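The values are calculated or read from the model by the stated rules, or taken from the named source; none is laboratory data. Since the structure is predicted, the reported quantities are computational estimates derived from the model, not experimental observations. As a convention, Cβ positions derive from the backbone with ideal geometry for all residues, glycine included, and neighbour counts pool all protein chains shown. Only protein heavy atoms, including side chains, enter the accessible area calculation; ligands, DNA and RNA are left aside. Shrake-Rupley method; radii C 1.70, N 1.55, O 1.52, S 1.80 Å.
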Amino acid sequence: MPELPEVETVRRGLTALVTGKKIKKIDVYYPKMVLPNETEFVKQLTNRTIQEIERRGKYLIFHFDQDVSMVSHLRMEGKYSVHSHEMPLNKHDHVVFEFTDGTELRYNDTRKFGRMVVVPTGEEYSVAGLKTIGPEPTPATLSLDYLTTTMKKHHKAIKSFLLDQNMIAGLGNIYCDEVLWLAKIHPLQPTNTVPVDKIAILRQKIFDELDLAIRAKGTTVFSYLDASGHAGSFQNQLHVYQRTGQPCERCGTPIERIKVSQRGTHFCPFCQKLVEVDD
DNA sequence: AGGACCTCCTGGATGC
DNA sequence: TGCATCCAGGAGGTCC
């Protein structure tokens, strides 16, 4: 499931592969995937040239000439790849952008959860999801003050808080579990009961972990690959995610798995104790 | 505010 | 072996 590091890896790969290319033709094999509708999507993007690819949280934003942009979310299993026009399509290739140079950008998505929205440049943030997105998790954009203030306002489980893209952008199931283990916070700890010193540690762990993961070109889970078809390697640096029953690297206690916000959640019951706090 | 649950999807795992 | 059923999950939605 691509999260911030994986989407950033895709953005970098695609930037190198398709910047400057002009779209000649678009084939949509699963119309629900493109918005506002297939006709408008194809009309707006045909003959446009890709100028820049941006990322915000887990969203990719393609900027074209003529003030046209496309907001793309990979959701669970979305993948972009670049091939020559002659290469046969793969199963689950749903949208194909054919360029004037004989190559094409293909969007493949087994579960069909991904969506692409074409909008006038400047209106990207009117797209649902981006409209209310929280700060980017970098030292410059996610201040300790914001995090402390916001966390004091919410009573829900810290894992649910971290997963909420309106609170902080970019974290998904894998990195939430990882940063909570790193910061030694129980995933069910009510957000407003996390002590200030722990909040500062958590914030720093988020920055460090995302930096590390981006440097490893993301985590490869199931079928996820980057834009050039290469697998990331960060799965080798995970401490708790999908390690149920294996010993905690710090204390040896078997990692446990529970459900939080409908998500499989992994943690060390010894290192990450639920702290009772009156509030 | 936030939990509980549903929907969208498919393939891999599990059950018998 | 084969068929049925369950499960995973990001985000958006409803209901209470």
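Here chain A was treated as a single set of alpha-carbon atoms; its pair distances binned every 5 Å from 0 give 1, 6, 12, 16, 17, 15, 11, 9, 7, 4, 2, 1, 0, 0 percent. For A:Ser72, the shell of other residues with beta-carbons less than 12 Å away shows a net charge of +4, using +1 for Lys and Arg and -1 for Asp and Glu. Within the same chain, aspartates and glutamates fewer than 8 places from A:Lys24 are excluded, and of the rest, those with a Cα less than 13 Å from its Cα are A:Glu98, A:Asp101, A:Glu104.
With the other protein chains left in place, how much accessible area per residue, in square angstrom, belongs to segment A:144-267 at a 1.4 angstrom probe?
Accessible area per residue, segment A:144-267: 42 Å².
A simple packing score, the average count of other Cβ atoms within 10 Å per residue, orders the peptides A:89-98, A:132-141 as A:89-98, A:132-141, with the highest score first. Of A:Ile214, A:Gln242, A:Ile168, whose Cα points farthest to the positive end of the dipole of segment A:122-263 (charges on the beta-carbon: +1 Lys, Arg; -1 Asp, Glu; origin at the Cα centre)? With unit charges placed on the Cβ atoms, the residue in question is A:Gln242.
Quick check on segment A:1-132: take the gyration tensor over C-alpha atoms, sort the square-rooted eigenvalues as a ≥ b ≥ c, and tell me if it's rounded (a/c under 1.5), prolate or oblate.
Rounded.
Of the solvent-accessible surface of chain A, computed with a 1.4 Å probe and all protein chains present, 52% belongs to carbon and sulfur. Axis angle, to the nearest 10 degrees, between helix A:173-182 and the longest C-alpha principal axis of chain A: 30 degrees. Taking Cα atoms, how many degrees apart are the long axis of helix A:4-18 and the longest axis of chain A, rounded to 10 and kept between 0 and 90? Long axis of A:4-18 versus the principal axis of chain A: about 20 degrees.
Counting only heavy atoms of protein chains, what accessible area per residue, in Å², does segment A:4-126 have with a probe of 1.4 Å? Spell out each step's value before the answer.
Details: 5550 Å² over 123 residues.
Result: 45 Å² per residue.
With all pairs of separate Cα atoms included, segment A:100-190 yields a Kirkwood hydrodynamic radius of 15.8 Å. Of all lysines in the structure, those lying under 20 Å Cα to Cα from A:Lys159, and not within fewer than 8 positions of it along the same chain, are A:Lys58, A:Lys184, A:Lys198, A:Lys205, A:Lys259, A:Lys273. Over all other residues within a Cβ to Cβ distance under 13 Å of A:Tyr175, the charged ones net out to -4, with Lys and Arg as +1 and Asp and Glu as -1. Kindly express, to the nearest 10 degrees and within the range 0 to 90, the angle between helix A:196-215's C-alpha long axis and the longest C-alpha principal axis of chain A. Tilt of helix A:196-215: around 40 degrees.
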